[in-house]
């Protein structure tokens with residue numbers, strides 16, 4: 001019996017050790033980053049050793065073998081999830097693309113998966129670089145001398161058809177080909193709005209905020225696209241989303257009074273006990289579902305029904321603007337704080353046809 005119990009414990013431990021983990025890799029720079037994960041040519045070398053920069057230099061100088069998968073893109077200001085990682089340390093090796101330069105800064109980063117955490121967030125910067133890799137040589141042979149050449153193998157390209165093919169499923173590979181609409185890398189508002197039960201809302205300096213950069217209130221980037229009367233949205237955050245977070249989209253109709261807010265979409269990330277929701281609020285009407293929403297710790301995606309939003313507006317939808325805010329409700333303290341991010345014209349949000357139109 002003891003042997004059976006011991007065997008069950010060992011099996012459980014083996015299953016736990018085989019559990020895949022995730023790492024979030026963030027690029028806060030203004031230049032795109034191309035990388036590969038755990039290249040076999042560098043396995044066995046210590047990144048802390050004095051010889052390591054020379055080993056990485058040789059890796060970039062070598063002509064890659066046939067079937068080499070190439071580098072993966074991490075656009076400027078973007079965050080990418082590296083999934084299905086074994087527990088332990090992993091090596092990120094890549095370079096930042098500098099426009100009109102003939103040499104690109106090479107960076108390596110050791111990241112850890114697991115260790116009691118299902119996800120970890122790392123940021124990678126262009127400096128301090130190990131060295132500068134020359135464009136057009138070795139593994140950078142696919143880049144032209146001016147730094148504007150075709151990306152290397154492995155880069156996700158837009159679909160040949162003018163279709164977004166976005167699925168709301170908490171997997172974000174289908175967003176990689178969509179450019180960032182607004183980046184909030186170094187953004188912070190000068191003030192915020194706080195409302196406490198029994199008192200009117202007040203505008204206060206950001207230094208007095210209790211929930212700024214907490215619970216997902218600090219956004220990292222926004223992607224958006226329109227297709228077939230559907231608005232697709234992708235948001236990433238710099239802190240893990242928590243129960244109490246809402247993202248608001250205030251649709252401003254030019255025929256409404258300036259102080260009036262009639263049409264709002266609220267995005268509610270998933271919690272441990274509830275699925276995510278996208279809710280359409282229209283003044284003097286009951287709230288209704290606005291579409292689909294899925295979210296993880298740092299990412300959120302949604303598809304919104306533009307026909308329902310258009311029907312709630314007096315003017316045509318394309319004449320409206322959208323105000324983006326993040327909000328946090330502390331249900332115990334009965335406090336609500338809201339942080340403004342940006343106002344966009346609906347016409348600024350690209351369509352699939354515009355995204356994938358041939359470039360002259």
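The values are calculated or read from the model by the stated rules, or taken from the named source; none is laboratory data. Remember, predicted model here, so these are calculated numbers, not experimental data. Every residue, glycine as well, gets a Cβ built from its backbone with ideal geometry; the counts of neighbours run over all protein chains shown.
Some points to look at:
- Residue that is under 22 Å from residue 172 (Cβ atoms) and modelled with pLDDT of 85 or more, where the choices are 126, 113: 113
- Scope the stretch 222-251; condition in a loop (DSSP other than H, G, I, E, B) and either surrounded by fewer than 19 Cβ atoms within 10 Å (Cβ to Cβ) or on the phi < 0 side of the Ramachandran plot (or both); matching residues: 228, 229, 238, 239, 240, 241, 242, 243
- Residue count, the stretch 19-33 (criterion: more than 13 Å from residue 87 (Cα to Cα) and not in a loop (DSSP other than H, G, I, E, B)): 4
- Entirely in the stretch 34-143, the strands (runs of 3 or more DSSP E) that have 3 or more residues that are over 25 Å from residue 183 (Cβ atoms) and not assigned by TED's automatic domain parsing to the domain that holds residue 298: 88-96, 103-113, 131-134
- Filtered by the rule that a residue be surrounded by 13 or more Cβ atoms within 10 Å (Cβ to Cβ) and touching a strand residue (DSSP E or B) at 6+ places or on another chain (Cβ under 9 Å), the stretch 207-221 gives 209, 211, 212, 214, 215, 216, 217, 218, 219, 220, 221.
- Condition met for residue 30 (modelled with pLDDT under 90 and under 23 Å from the mean Cα position of the chain (by Cα)): yes
- Selection within the stretch 191-206 - part of a loop (DSSP other than H, G, I, E, B) and either touching a strand residue (DSSP E or B) at 6+ places or on another chain (Cβ under 7 Å) or surrounded by 12 or more Cβ atoms within 10 Å (Cβ to Cβ) (or both): 201
- The requirement of being loosely packed, with under 12 Cβ neighbours inside 10 Å, within 30 Å of residue 198 (Cα to Cα) and at pLDDT below 90 is satisfied by residue 331.
- Residue check, residue 294 within 12 Å of residue 263 (Cα to Cα) and either buried (at least 19 other Cβ atoms within 10 Å of the Cβ) or more than 26 Å from the chain's Cα centre (by Cα) (or both): no
- All told, residue 169 falls short of being in a helix (DSSP H, G or I), under 30 Å from residue 354 (Cα atoms) and either in contact (Cβ under 8 Å) with a residue 40 or more places away in the chain or within 14 Å of the chain's Cα centre (by Cα) (or both).
- Of the set (1) surrounded by 17 or more Cβ atoms within 10 Å (Cβ to Cβ); (2) over 18 Å from the mean Cα position of the chain (by Cα), all apply to residue 184 but (2).
- Condition check for residue 323: under 26 Å from residue 194 (Cα atoms), out of contact with any helix residue (DSSP H, G or I) (no Cβ under 7 Å at 6 or more places or on another chain) and buried (at least 19 other Cβ atoms within 10 Å of the Cβ): no
- Residue 337 touching a residue at least 24 places away in the same chain (Cβ under 8 Å), closer than 30 Å to residue 194 by Cα and not in a loop (DSSP other than H, G, I, E, B): yes
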